[in-house]
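The values are calculated or read from the model by the stated rules, or taken from the named source; none is laboratory data. None of the values given here were measured: they were computed from a predicted structure. Don't worry about glycine lacking a Cβ; one is built from the backbone with ideal geometry, like all the others, and counts go over all protein chains shown. Accessible surface is based on the protein model in full, side chains and every heavy atom, while ligands, DNA and RNA are left aside. Shrake-Rupley method; radii C 1.70, N 1.55, O 1.52, S 1.80 Å.
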Amino acid sequence: NKKAFVELLFWKSPAAIREMTEGYSSLREGEGAGRSRVPPWTSQQEQELRELYWKYKEVEGEDIIAAILAHLPAPGRTRRQVVKQLVRL
């Protein structure tokens, strides 16, 4: 590849570096940058998140995020995802 030297100047991510050094077909399905994609929040999930936040916001001495995660119907959401979405909302 005559233009490979240009790619060497502008690496974008560890996955791109791995592809360049090991070959472009080295990344299998579910590895690298694609596996860290977070499923988007639907409007229904956002509404449920708002309701749970307002319900547990006033509870004294309890972790709000832990309570939301325990009652959130969407499985597979992490604490960080919930906090990020609450900040965004």
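Using a 1.4 Å probe and counting only protein heavy atoms, arrange R37, R79 so the residue with the most accessible area comes first.
Working: R37 185, R79 110 Å².
Greatest to least solvent exposure: R37, R79.
For the stretch 43-88, what is the charge dipole size about the Cα centre, in debye to the nearest 20, if Lys and Arg each add +1 at the Cβ and Asp and Glu each add -1 at the Cβ? Write down the numbers at each step before the final one.
On the way: 8 positive and 7 negative charges, 64 e Å.
Magnitude of the dipole: close to 300 debye.
Among residues other than P40 whose Cβ falls under 15 Å from its Cβ, what is the net charge (Lys/Arg +1, Asp/Glu -1)? Mind dumping the intermediate values first?
On the way: positive: R37, R77, K84, R88; negative: E46, E48.
Local charge sum for P40: +2.
To one decimal place, what orientation-averaged projected area in nm² is obtained for the convex hull of the Cα set of the stretch 43-88? Mind dumping the intermediate values first?
Numbers: hull surface 12.2 nm².
Averaged projected area of the stretch 43-88's Cα convex hull equals 3.0 nm².
Just reorder S13, S43 by solvent-accessible area, largest first, 1.4 Å probe, all chains present. Walk me through the numbers on the way to the answer.
Working: S13 40, S43 95 Å².
In descending accessible area the options line up as S43, S13.
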